[in-house]
Amino acid sequence: MGLVGFSPSKCRGEVDFSTTINMDEALNRTYESSQNFNSNTGNWTSIGPRSMSWHGSPGSKGIGRIDRLAAHPTNPNIILAASPAGGLWRTDDGGDYWYSISSNLPNCGIGGVVFDNQDPRKYYLYFNRRTSWRITLFQIFGFRSYGVLKTTNGGAIWKQLGNSGIVMSNATSSFKLIQLTGSPNILLAVTNIGICRSNNGGLTWTYVVNSSFLRDITQHPTQSNIVYACYLNDVIKSSNSGETFLESVSIPSFSGTQNSLLATTPSNPDEVYFAVCGSTNRIYKSTNKGTDFSLINSTDLVGGQYWYNFALAVNPHNNNFIAVGGLNISISTNNGTDFTTTTSGNVGLPAPANYVHSDIQYFLIHPINNLIYAASDGVYQFRLTMVLLG
């Protein structure tokens, strides 16, 4: 079931980017998307963007896929949830109510969303697909990349940035969009054909790496000139804010991976985590800014659909806490040595207390309140105890 407000007819470029949406109307329609939705699932709580119900078969409780989450830098109650086929949703109260702020846009598929780190009234969106099933959506709905869009007023008006739509027009999948902390004019987007970079706030874009095997990108938590990106089986590093990248030589050669991700943590800013899944399942850790990596876990924590569902996060306040998502969610409290599965997604009725829909796509561990948000078919919330926070 898709998100309330999704209409394929609104995803085909019929509405101009600059059209102002009626924010009062959007706010008045929040009851359609999330009123009376809350349902406790053990340590995890479903928070929308709308109520969830069972649809015909065990394990099918969900509302439509959520791919990306973004946290307001100063207000923990404001969160953005991006969907590959249902647009962008916002909550102002920590998830009790959600409303759409993208119904006027010509493409409902979002592959990246970030708050501007200098002015949180500004957001950046990267329109495109991620993972191979979206090829079908492209064929059905005609979704194409419109590059990167920006709003300066909380989503009322959106503008396409510079030449991003032209430069990224050949990309059919998008994996990540970041804005460098400390260098707010530098934006980097990972697509299925490489890393695209802007050094002037999005006015102009160029590819700085050309490759079809890139999957993720992140930056050093305290040194904005250091950027990490990963292929399916290796990590590359930039020391000049993404202008050029050098390949790691410390990760052993392996094959059989279908997905890969990176993570860093302000609690130990020089650490880098690199996780791969598929017929090869490994988590590597570097303690020296990506110069050397060592293997810390080789358990299959994803459980299947490796090309489709994969998420990784390290707590910003305690590096002992690592979360890995796949068919279910597994959590480590000893820096990846051991993991415990905390959810169950493919179950019969009645559902167990720890039900969370399978297909975990993304984690957000909020730096202010330490709540964990998991993006799947809907958004789930998990509250860390003080024991885990350290």
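The values are calculated or read from the model by the stated rules, or taken from the named source; none is laboratory data. It should be emphasised that the depicted structure is a prediction, and the values quoted were computed from it without experimental measurement. Glycine also receives a Cβ, built like all others from the backbone with ideal geometry; neighbour counts cover every protein chain displayed.
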Residue match in the range 319-331 (condition: under 19 Å from Phe213 (Cβ atoms), of a type in the set (S, T, N, Q) and over 21 Å from the mean Cα position of the chain (by Cα)): no
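So, in the range 201-234, exactly how many residues are part of a loop (DSSP other than H, G, I, E, B), of a type in the set (Phe, Trp, Tyr) and touching a residue at least 24 places away in the same chain (Cβ under 8 Å)? Let's see the steps before the verdict.
Just the residues of the range 201-234 that are part of a loop (DSSP other than H, G, I, E, B), to begin with: 201-205, 211-213, 220-226, 232-234.
Applying the additional criterion that residues be of a type in the set (Phe, Trp, Tyr) yields 205, 213.
After this cut, where a residue has to be touching a residue at least 24 places away in the same chain (Cβ under 8 Å) as well, the list is 205.
Qualifying residue count for the region: 1.
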Selection within the range 84-99 - over 27 Å from Asn192 (Cβ atoms) and either assigned to a loop (DSSP other than H, G, I, E, B) or in contact (Cβ under 8 Å) with a residue 60 or more places away in the chain (or both): Arg90, Asp92, Asp93, Gly94, Gly95, Asp96, Tyr97, Trp98, Tyr99
Tally of residues being at pLDDT 95 or above, out of contact with any Asp or Glu (no Cβ under 9 Å at 6 or more places or on another chain) and either surrounded by 22 or more Cβ atoms within 10 Å (Cβ to Cβ) or of a type in the set (Ser, Thr, Tyr) (or both) across the range 203-221: 8
Residue match in the range 252-272 (condition: aromatic (Phe, Trp, Tyr), on the phi < 0 side of the Ramachandran plot and at pLDDT 95 or above): no
The one condition in (1) outside any loop (DSSP other than H, G, I, E, B); (2) at pLDDT 95 or above that Gly242 fails to fulfil: (1)
All positions within the range 239-260 that are free of Cβ contacts under 8 Å to residues at least 24 places away in the same chain and over 12 Å from Phe293 (Cα atoms): Ser239, Asn240, Leu246, Glu247, Ser253
Residue count for the range 40-69, restricted to those that are buried (at least 24 other Cβ atoms within 10 Å of the Cβ) and modelled with pLDDT of 90 or more: 1
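So is Gly278 under 18 Å from Tyr231 (Cβ atoms) and in contact (Cβ under 8 Å) with a residue 60 or more places away in the chain or not?
Considered against the rule, which asks whether it is under 18 Å from Tyr231 (Cβ atoms) and in contact (Cβ under 8 Å) with a residue 60 or more places away in the chain, Gly278 comes out as no.
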Failed condition for Asp359, given (1) closer than 16 Å to Asp300 by Cα; (2) at pLDDT below 95; (3) surrounded by fewer than 17 Cβ atoms within 10 Å (Cβ to Cβ): (3)
From Ser224, Ser238, Ser267, residue being surrounded by 20 or more Cβ atoms within 10 Å (Cβ to Cβ) and of a type in the set (S, T, N, Q): Ser238
Tyr228 vs. criteria of a type outside the set (A, V, I, L, M) and closer than 19 Å to Phe363 by Cβ: yes
Qualifying residue in the range 272-281 (condition: in a loop (DSSP other than H, G, I, E, B), of a type in the set (A, V, I, L, M) and under 22 Å from the mean Cα position of the chain (by Cα)): no
Failed item, numbered, when Asn334 is tested on (1) touching a strand residue (DSSP E or B) at 6+ places or on another chain (Cβ under 7 Å); (2) farther than 26 Å from Lys176 by Cα; (3) modelled with pLDDT of 90 or more: (1)
Residue satisfying all of: in the range 124-173; charged (D, E, K, R) and at pLDDT 85 or above; surrounded by the fewest Cβ atoms within 10 Å (Cβ to Cβ) among these: Lys159
Selection status of Thr333, on the phi < 0 side of the Ramachandran plot and touching a residue at least 12 places away in the same chain (Cβ under 8 Å): yes
Members of the range 246-257 that are surrounded by 20 or more Cβ atoms within 10 Å (Cβ to Cβ) and either in contact with a helix residue (DSSP H, G or I) (Cβ under 6 Å, 6 or more places away or on another chain) or not aliphatic (A, V, I, L, M) (or both): Ser248, Thr257
Looking only at the range 102-123, and only at residues there that are of a type in the set (A, V, I, L, M, F, W, C) and buried (at least 23 other Cβ atoms within 10 Å of the Cβ), the one that is modelled with the highest pLDDT: Ile110
Some residue of the range 338-351 being surrounded by fewer than 20 Cβ atoms within 10 Å (Cβ to Cβ), modelled with pLDDT under 95 and closer than 14 Å to Val302 by Cβ: yes
